[in-house]
Amino acid sequence: MRPKQMDDLIQQLENYTECWKQFNRFINIAHSKKFGPEDESQFLEIKSVIIQQLELILSNIESGTPDKEEVLTLISTAPSLRHISEMSDGALRNMESSWHKMYIGWHSVLGQLKVQQRQIASQSMFSRLFGKKK
């Protein structure tokens, strides 16, 4: 992967993890039962961004990611803030646990990509310093 492609992928994954933070924020809003129609609309929007970006990310990363089915399952268990607000405490804890597992998984992938980014940068530097001159 070229340095620019790697930079773009890392930026995309950083933005994606921010979407995951927003998803968790909405879980907390639902749990507090203090939400309105605008919150419901924004929650639906963040879920659609998560699913769309998942496909883009998975097209660039082959392994080491949270399982696609796990992501889809979590998103589908949260059809609305109202639904989440009516969940039992046990179901809500399971949702939070699933979210946390995936959130940490995405950060692990991000860390792996940053390691690769450094390797690519050092290889580029090495080839510029010691590469053949044409």
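The values are calculated or read from the model by the stated rules, or taken from the named source; none is laboratory data. What you are looking at is a predicted structure, and each value in this text was computed from that prediction instead of being measured. Heads up, the Cβs are rebuilt from the backbone with ideal geometry, glycines too, and the neighbour counts pull from every protein chain shown. In case anyone asks, the SASA skips ligands and DNA or RNA and just uses the protein heavy atoms, side chains included. Shrake-Rupley method; radii C 1.70, N 1.55, O 1.52, S 1.80 Å.
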Ignoring ligands, DNA and RNA, please state the percent of accessible area on the chain from carbon and sulfur, probe 1.4 Å. 53 percent
Over 10 Å intervals from 0, what percent of Cα-Cα pairs in the chain sits in each interval? 11, 37, 26, 14, 7, 4, 1
Any chance you could give the angle, 0 to 90 degrees and rounded to 10, that helix 3-32 forms with the longest Cα principal axis of the chain? 10 degrees
In order through the stretch 80-95: 3J(HN,Hα) via Karplus (6.51 cos²θ - 1.76 cosθ + 1.60), integer Hz, x for Gly, Pro: 7, 5, 4, 4, 4, 5, 9, 5, 5, 4, x, 5, 5, 4, 4, 5
Diffusion constant of the stretch 67-111 at 4 °C, which comes from Stokes-Einstein with the Kirkwood Cα-pair radius and 1.567 mPa s, µm²/s: 115 µm²/s
To the nearest Å, what is the center-to-center distance of the stretch 98-125 and the stretch 1-79, using C-alpha atoms only? 17 Å
Give me the extension gain from LYS34 to ILE51: residue separation times 0.36 nm, minus the current Cα-Cα distance, reported in nm with one decimal. 3.6 nm
Suppose each label sits 7 Å from its Cα in the direction of the beta carbon; what would the THR17-GLN119 distance come out to in nanometres? 1.9 nm
Once both label points are put 7 Å beyond Cα along the C-beta direction, the ASN24-GLN5 separation in nm becomes 3.1 nm
In degrees rounded to 10, the 0-90 angle between helix 37-58 Cα long axis and the longest Cα principal axis of the chain is 30 degrees
Of the trypsin sites (Lys or Arg not before Pro) in the stretch 12-89, which ones lie in a loop per DSSP and count no more than 14 other C-beta atoms within 10 Å? LYS33, LYS34
